[in-house]
């Protein structure tokens with residue numbers, strides 16, 4: 001992962017002015033899914049992306065404090081470290097950070113456990129790009145207000161961060 005992450009006091013009311021101000025972490029062991037999700041997010045104006053195919057890298061980022069991350073999209077089933085473990089670690093310090101779980105199994109006990117740990121929402125695989133974009137906008141609107149879910153004005157500067 002490249003770049004410097006800006007520390008914000010996210011737990012105490014920081015509100016983005018547009019969807020383009022958000023920084024999003026995407027964690028999935030399938031690089032194709034990660035690229036598709038990142039492309040879908042870019043299409044709605046989110047360009048500050050931290051994509052990770054190794055859940056250990058995500059755990060390291062969580063351990064460093066997740067500075068500047070406004071939303072996490074994370075696969076549930078991954079080798080070695082699953083999405084529940086990442087969610088649990090995130091909730092130790094960031095109780096309000098929006099966290100969407102991506103899962104192919106909507107009936108598993110893992111989904112129940114995720115709810116108990118405070119997951120914000122789910123996306124059941126396979127999902128359409130439109131459904132993903134709608135779910136992300138809804139989550140942003142509920143978490144940060146409807147203004148935050150709006151696209152930035154043309155000419156706004158954005159950075160793309162890749163791992």
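The values are calculated or read from the model by the stated rules, or taken from the named source; none is laboratory data. Keep in mind that what you see is a predicted model, and the values were worked out from it rather than measured. Neighbour counts run over all protein chains shown; Cβ positions are idealised from the backbone, glycine included.
Which condition number does residue 62 fail, the rest of (1) touching a strand residue (DSSP E or B) at 6+ places or on another chain (Cβ under 6 Å); (2) more than 24 Å from residue 18 (Cα to Cα); (3) buried (at least 17 other Cβ atoms within 10 Å of the Cβ) being met?
The single condition residue 62 does not satisfy is (1).
Considering each residue of the stretch 109-125, count those that are within 15 Å of residue 77 (Cβ to Cβ) and in contact (Cβ under 8 Å) with a residue 12 or more places away in the chain, and give that number. Give the derivation first.
Of all residues in the stretch 109-125, those within 15 Å of residue 77 (Cβ to Cβ) come to 109-114, 119, 122-125.
Now restrict to residues that are in contact (Cβ under 8 Å) with a residue 12 or more places away in the chain: 110-111, 113-114, 119, 122-125.
Qualifying residue count, the stretch 109-125: 9.
Residues being surrounded by 15 or more Cβ atoms within 10 Å (Cβ to Cβ) and modelled with pLDDT of 95 or more: count how many of those fall in the stretch 122-137. Don't jump to the end; show me each part of the working.
First pass over the stretch 122-137, keeping only residues surrounded by 15 or more Cβ atoms within 10 Å (Cβ to Cβ): 122-123, 125, 127, 132-133, 135-137.
Now narrow it down to the ones that are modelled with pLDDT of 95 or more: 132-133, 135-137.
Of the residues in the stretch 122-137, 5 are surrounded by 15 or more Cβ atoms within 10 Å (Cβ to Cβ) and modelled with pLDDT of 95 or more.
Only one of 75, 54 is modelled with pLDDT of 95 or more, at negative phi and surrounded by 20 or more Cβ atoms within 10 Å (Cβ to Cβ). Can you tell me which?
Details: 54 fails: surrounded by 20 or more Cβ atoms within 10 Å (Cβ to Cβ).
Criteria check complete, one pass: 75.
Taking into account only those residues within the stretch 95-115 that are farther than 17 Å from residue 30 by Cα and at pLDDT 95 or above, which is surrounded by the most Cβ atoms within 10 Å (Cβ to Cβ)?
99
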